[in-house]
1. List the number of the failed condition for residue 43; all other conditions in (1) under 15 Å from the mean Cα position of the chain (by Cα); (2) crowded, with 16+ Cβ neighbours inside 10 Å hold.
2. What number of residues in the range 145-158 are assigned to a loop (DSSP other than H, G, I, E, B) and in contact (Cβ under 8 Å) with a residue 24 or more places away in the chain?
3. Looking at residue 2 and the list (1) farther than 21 Å from residue 142 by Cα; (2) at pLDDT 95 or above; (3) touching an Asp or Glu at 6+ places or on another chain (Cβ under 9 Å); (4) of a type in the set (Gly, Ala, Ser), which single condition is not satisfied?
4. So, in the range 129-148, of the ones that are touching an Asp or Glu at 6+ places or on another chain (Cβ under 9 Å) and among the aliphatic types (A, V, I, L, M), which residue ends up nearest to ligand 1 (Cβ to nearest atom)?
5. In a loop (DSSP other than H, G, I, E, B), within 16 Å of ligand 1 (Cβ to nearest atom), under 30 Å from residue 48 (Cβ atoms) and touching a residue at least 24 places away in the same chain (Cβ under 8 Å): is that true of residue 126 in this structure?
6. Taking helices (runs of 4 or more DSSP H) that fall entirely within the range 162-243, which contain at least 1 residues that are β-branched (Val, Ile, Thr), within 16 Å of ligand 1 (Cβ to nearest atom) and surrounded by fewer than 21 Cβ atoms within 10 Å (Cβ to Cβ)?
7. Quick check on this structure: which one of 89, 111 is surrounded by fewer than 21 Cβ atoms within 10 Å (Cβ to Cβ), within 16 Å of residue 40 (Cβ to Cβ) and not aliphatic (A, V, I, L, M)?
8. Of everything in the range 129-145, what is away from ligand 2 (no atom under 13 Å from the Cβ) and farther than 23 Å from residue 64 by Cβ? Give them in sequence order.
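The values are calculated or read from the model by the stated rules, or taken from the named source; none is laboratory data. For clarity, every value in this text was computed on a predicted model and none was experimentally measured. Neighbour counts run over all protein chains shown; Cβ positions are idealised from the backbone, glycine included.
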Amino acid sequence: MSSILNNRPALAAEIGKVAEVAGYLWQKGWAERNGGNITINITEYVDDAIKAMPAISEAKRIGATLPYLKGCYFYCKGTQKRMRDLARDPMANGSVIRVLDDCASYVIIADQPVKPTSELPSHLSVHNYLLSKGMNYKASLHTHPIELVALTHNQKFMAKDVASNLLWSMIPETKAFCPRGLGMVPYTLPSSVELAEATIKELEDYDVVMWEKHGVFAVDTDIMAAFDQVDVLNKSALIYIAAKNMGFEPEGMSQEQMREMSEAFHLPK
Ligand code: 13P
Ligand code: ZN
């Protein structure tokens, strides 16, 4: 079957990474039913033939005007599509969209008219923000990691940097590989523009943001790196829970030990 990925090995490799990560999300139990979504800015892989591809959907409103996305292209998971299905067949469970010149609407161009994720306002607003800051981040990931979501059911952990410090202190790697920590967004209606705006505000200080009682939203250079940040944070949450299950409050690394490590690894804060 004809596919936008045919004879485009670099683009196919990028979408291959999305499929690989979708499989991990399912295996980890973070992707029940259609839970979670992924979008990738693929504009750098777009050639003249892709630019000439006709729309295969009507123009649809994004819900926000996003000036940095004019003429950009994204691969998006389809709404109501399962990560475990996307892992096998990314182009039947997602699609490629083109943002139109009004910067407020998009059309689907390939391979099939699969409607993009309901969290598109958050994903595209975040990509617009990343481009406005000149950042080389191309991937955004929303998923439902069990232990991190459980933490957000206690207001103690919703206070600024409480969860970050706790998770960093469980194992040195977490600060090394998620150096900006975990931002917190109070409960907001899924797929709303308000959720998108609250997420962007937190991304000024963090690469990974919790959506209270819902999931995480992570950004990075590619989808594998975004997944890794969530994975190390959730690993720390699992260590915390394991210690609690053994009947004690874990000691955690001291502030001094974390400071020493941040200096040795040249971490941002
Ligand atoms: P979609 O199936 O629309 O991507 O929604 C899944 C989800 O996790 C919503 O927050
Ligand atoms: Zn969700």
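1. Failed condition: (1).
2. Summing the residues that are assigned to a loop (DSSP other than H, G, I, E, B) and in contact (Cβ under 8 Å) with a residue 24 or more places away in the chain in the range 145-158 gives 3.
3. Condition not satisfied by residue 2: (2).
4. 141
5. no
6. By residue number, 193-203.
7. 111
8. none
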